Amino acid sequence: MPTQAPRAIVVGGSMGGLFAALSLLRAGWDVHVYERVSVELSGRGAGIVTHPELVSALALVGLHPGEDLGVFMDERRTLDRSGNLIGRYHCPQTATSWNRLFQMLRDAFPAGRYHLGKELVGCEIRTDSALARFSDGSTVEAELIVGADGIRSTVRQQFLPDVKSVYAGYVAWRGLVDEGALTPAAHRDLFPYFAFCLPPGEQMLGYPVAGPNDDLRPGHRRYNFVWYRPADEETELKRLLTDESGHTHTGSIPPPLISRNSVEEMRSHSDEVLAPQFRDLVRVTEQPFLQPIYDLESPRMAFSRVALVGDAAFVARPHVGGGVAKAFGDARALTAALEAEQDVSSALERFEAERVAMGRRIVDQARRLGSYMRTRFDTAEERALAERHQTPAAVMSETALLNFLRD
Ligand SMILES: Cc1cc2nc3c(=O)[nH]c(=O)nc-3n(C[C@H](O)[C@H](O)[C@H](O)COP(=O)(O)OP(=O)(O)OC[C@H]3O[C@@H](n4cnc5c(N)ncnc54)[C@H](O)[C@@H]3O)c2cc1C
């Protein structure tokens with residue numbers, strides 16, 4: 001008689017959750033994914049810069065995207081305030097989109113095992129199992145629960161109630177522009193490149209991504225920008241998170257609710273500090289997104305039969321561009337530990353020892369890269385570090401690269 005496959009519950013059906021589920025399924029687990037949102041997830045076209053780590057993780061779950069993963073870039077460039085080229089850096093890299101990666105994972109995972117509209121409200125660890133409780137009153141029992149439920153993780157809050165995300169002191173304005181809507185100068189000087197502009201204390205960057213429905217045909221792609229700007233938490237951030245009706249949102253604000261004043265002010269600031277090519281980009285962006293930047297660090301990722309992966313455990317500022325690769329790495333390490341150990345809790349201890357250290361390294365590196373967006377410095381050393389990270393050479397050779405993990 002074959003023994004029954006061990007059961008796993010994955011909470012959260014985004015990048016980290018789906019990858020963990022695929023990885024466990026291939027290792028022989030009986031896996032189900034429970035996602036709170038009741039409609040198919042979508043990344044609203046957000047760009048994701050890829051790394052060799054991300055591509056090799058995909059291969060481990062049988063996914064080999066090849067050349068159609070995204071838009072290939074060969075070079076990074078920095079423009080000054082007048083639009084002149086002041087730095088070049090050879091750096092072959094592919095930018096894909098959130099939707100492209102997500103759809104690949106979603107299609108590879110059996111549809112009947114993916115449950116939308118299921119919000120976890122709590123878990124309970126029992127002697128030989130763990131129980132997940134959902135907001136609709138249902139419960140599911142399994143040998144393992146994986147919390148892949150993002151920065152505001154319900155799973156983490158249950159086991160680590162004191163761990164909170166910490167606002168980094170700045171926001172990212174983000175936008176996507178159709179290739180055809182770019183001005184000739186922006187298309188020539190920005191579109192083929194991972195491009196930067198570095199006003200004092202701010203950073204603008206952009207890179208090409210696929211167009212709607214993952215269209216990679218020239219003329220049908222889009223350019224994605226991320227503009228980091230300081231915003232004091234008590235005054236400026238509050239104002240940015242306040243919509244037209246006067247309601248102040250916590251943590252983030254849905255793009256259509258961002259006030260017209262905030263968008264107008266952002267656009268007119270672009271006239272003062274950005275290279276004209278980037279200014280054009282900001283001007284033609286119909287619906288910008290606003291993203292306050294946070295750090296999150298968890299001292300633990302394992303609780304007997306419950307593990308945390310991805311943004312549920314550690315959130316690094318986007319400068320490293322490694323959130324997806326980190327989530328995949330967590331899931332790989334979890335599966336490997338479960339294959340190596342006899343019992344679930346020993347496996348989770350092994351997983352935790354490896355991945356807490358990794359999470360800290362990535363968060364630290366991202367904090368260093370973001371240090372020049374700070375407005376106050378406690379020591380001369382902090383100021384010097386921030387200044388170093390504002391030079392085109394440092395920014396281009398460290399942003400969205402995971403080289404520091406290979407040293
Ligand atoms: C501006 C910006 C740029 C970025 N650029 C890059 C990049 O270039 N490259 C890169 O690798 N990463 C990038 N990232 C980071 C990356 O997007 C994240 O690290 C990654 O998506 C995390 O995936 P996750 O599955 O852990 O969490 P999430 O994507 O947050 O997913 C969590 C899921 O859990 C669900 N959920 C939450 N609570 C519950 C509950 N109680 N019950 C059930 N389900 C629940 C949510 O609905 C959600 O679907 C960027 C981030 C930002 C902000």
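The values are calculated or read from the model by the stated rules, or taken from the named source; none is laboratory data. Everything numeric in this text was worked out from a predicted model, so none of it was measured. Cβ: placed from backbone, ideal geometry, glycine included. Neighbour counts: every protein chain shown. Surface accessibility is based on the protein's heavy atoms, side chains included, excluding ligands, DNA and RNA. Shrake-Rupley method; radii C 1.70, N 1.55, O 1.52, S 1.80 Å.
Only strands (runs of 3 or more DSSP E) wholly contained in the stretch 162-251 count here; list those with 1 or more residues that are within 16 Å of ARG267 (Cα to Cα) and basic (Lys, Arg).
166-178, 222-230
Count, please, the residues in the stretch 256-292 that happen to be exposed (fewer than 13 other Cβ atoms within 10 Å of the Cβ) and in contact with a strand residue (DSSP E or B) (Cβ under 8 Å, 6 or more places away or on another chain).
Counting residues in the stretch 256-292 that are exposed (fewer than 13 other Cβ atoms within 10 Å of the Cβ) and in contact with a strand residue (DSSP E or B) (Cβ under 8 Å, 6 or more places away or on another chain) gives 1.
Consider the stretch 210-236. How many of its residues are away from the ligand (no atom under 15 Å from the Cβ), over 20 Å from PHE102 (Cα atoms) and in contact with a strand residue (DSSP E or B) (Cβ under 6 Å, 6 or more places away or on another chain)? Don't jump to the end; show me each part of the working.
So in the stretch 210-236, the residues away from the ligand (no atom under 15 Å from the Cβ) come out as 211-221, 230, 232-236.
Then drop every residue that is not over 20 Å from PHE102 (Cα atoms), which leaves 217-220, 230, 232-236.
From what is left, the residues that are in contact with a strand residue (DSSP E or B) (Cβ under 6 Å, 6 or more places away or on another chain) are 220, 230, 233.
The qualifying residues number 3.
Sort through GLU40, GLU119, GLU124 and tell me the only one that's among the charged types (D, E, K, R), in contact with a Lys or Arg (Cβ under 6 Å, 6 or more places away or on another chain) and assigned by TED's automatic domain parsing to the domain that holds PHE303.
Every option except GLU119 fails the conditions.
Given the options ALA336, ALA357, ALA353, ALA325, name the one that is buried (at least 20 other Cβ atoms within 10 Å of the Cβ), more than 23 Å from GLN390 (Cβ to Cβ) and of a type in the set (Gly, Ala, Ser). Full working, then the answer.
Numbers: ALA336 fails: buried (at least 20 other Cβ atoms within 10 Å of the Cβ); ALA357 fails: buried (at least 20 other Cβ atoms within 10 Å of the Cβ); ALA353 fails: buried (at least 20 other Cβ atoms within 10 Å of the Cβ).
Checking each option against the conditions leaves just ALA325.
Go through the stretch 56-104 and report how many residues are farther than 26 Å from ARG217 by Cα and in a helix (DSSP H, G or I).
Looking only at that region, the number is 2.
Test ASP295 against the stated conditions and say whether it is open to solvent by 60 Å² or more (accessible area, probe 1.4 Å) and either modelled with pLDDT of 95 or more or more than 9 Å from the ligand (Cβ to nearest atom) (or both).
For ASP295, the condition - open to solvent by 60 Å² or more (accessible area, probe 1.4 Å) and either modelled with pLDDT of 95 or more or more than 9 Å from the ligand (Cβ to nearest atom) (or both) - is not met.
Looking only at the stretch 17-40, count how many residues are touching a helix residue (DSSP H, G or I) at 6+ places or on another chain (Cβ under 9 Å), of a type in the set (A, V, I, L, M) and within 10 Å of the ligand (Cβ to nearest atom).
Of the residues in the stretch 17-40, 3 are touching a helix residue (DSSP H, G or I) at 6+ places or on another chain (Cβ under 9 Å), of a type in the set (A, V, I, L, M) and within 10 Å of the ligand (Cβ to nearest atom).
Conditions (1) of a type in the set (Ser, Thr, Tyr); (2) open to solvent by 70 Å² or more (accessible area, probe 1.4 Å); (3) without any contact (Cβ under 8 Å) to a residue 60 or more places away in the chain; (4) out of contact with any Gly (no Cβ under 7 Å at 6 or more places or on another chain), marked per residue:
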{"position": "HIS32", "(1), (2), (3), (4)": "no, no, no, yes"}
{"position": "PRO65", "(1), (2), (3), (4)": "no, no, yes, yes"}
{"position": "GLY70", "(1), (2), (3), (4)": "no, no, no, yes"}
{"position": "LEU85", "(1), (2), (3), (4)": "no, yes, no, yes"}
{"position": "TYR89", "(1), (2), (3), (4)": "yes, yes, no, yes"}
{"position": "THR96", "(1), (2), (3), (4)": "yes, no, no, no"}
{"position": "ARG100", "(1), (2), (3), (4)": "no, no, no, no"}
{"position": "PHE109", "(1), (2), (3), (4)": "no, no, no, yes"}
{"position": "GLY122", "(1), (2), (3), (4)": "no, no, yes, yes"}
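Conditions tested, residue by residue: (1) in contact (Cβ under 8 Å) with a residue 40 or more places away in the chain; (2) within 16 Å of the ligand (Cβ to nearest atom); (3) farther than 21 Å from ALA46 by Cα.
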{"position": "PHE314", "(1), (2), (3)": "yes, yes, no"}
{"position": "GLU349", "(1), (2), (3)": "yes, no, yes"}
{"position": "GLU352", "(1), (2), (3)": "yes, no, yes"}
{"position": "TYR372", "(1), (2), (3)": "yes, no, yes"}
{"position": "PHE377", "(1), (2), (3)": "no, no, yes"}
{"position": "GLU382", "(1), (2), (3)": "no, no, yes"}
{"position": "LEU385", "(1), (2), (3)": "no, no, yes"}
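Return yes or no: is GLN342 at pLDDT below 95 and within 16 Å of the ligand (Cβ to nearest atom)?
no
Within the bounds of the stretch 351-373, is there any residue that is among the hydroxyl-bearing types (Ser, Thr, Tyr) and part of a helix (DSSP H, G or I)?
Checked the stretch 351-373: at least one residue is among the hydroxyl-bearing types (Ser, Thr, Tyr) and part of a helix (DSSP H, G or I).
Residue by residue through the stretch 149-168, note down the ones that are of a type in the set (A, V, I, L, M, F, W, C), within 14 Å of the ligand (Cβ to nearest atom) and within 21 Å of ILE293 (Cβ to Cβ).
ILE151, ALA168, listed by residue number.
Return yes or no: is ALA8 within 15 Å of the ligand (Cβ to nearest atom) and touching a Phe, Trp or Tyr at 6+ places or on another chain (Cβ under 7 Å)?
Numbers: within 15 Å of the ligand (Cβ to nearest atom): yes; touching a Phe, Trp or Tyr at 6+ places or on another chain (Cβ under 7 Å): yes.
It is true that ALA8 is within 15 Å of the ligand (Cβ to nearest atom) and touching a Phe, Trp or Tyr at 6+ places or on another chain (Cβ under 7 Å).
It is to be established whether one or more residues within the stretch 57-69 are under 20 Å from MET396 (Cβ atoms) and away from the ligand (no atom under 11 Å from the Cβ).
Looking for residues that are under 20 Å from MET396 (Cβ atoms) and away from the ligand (no atom under 11 Å from the Cβ), one finds none in the stretch 57-69, hence no.
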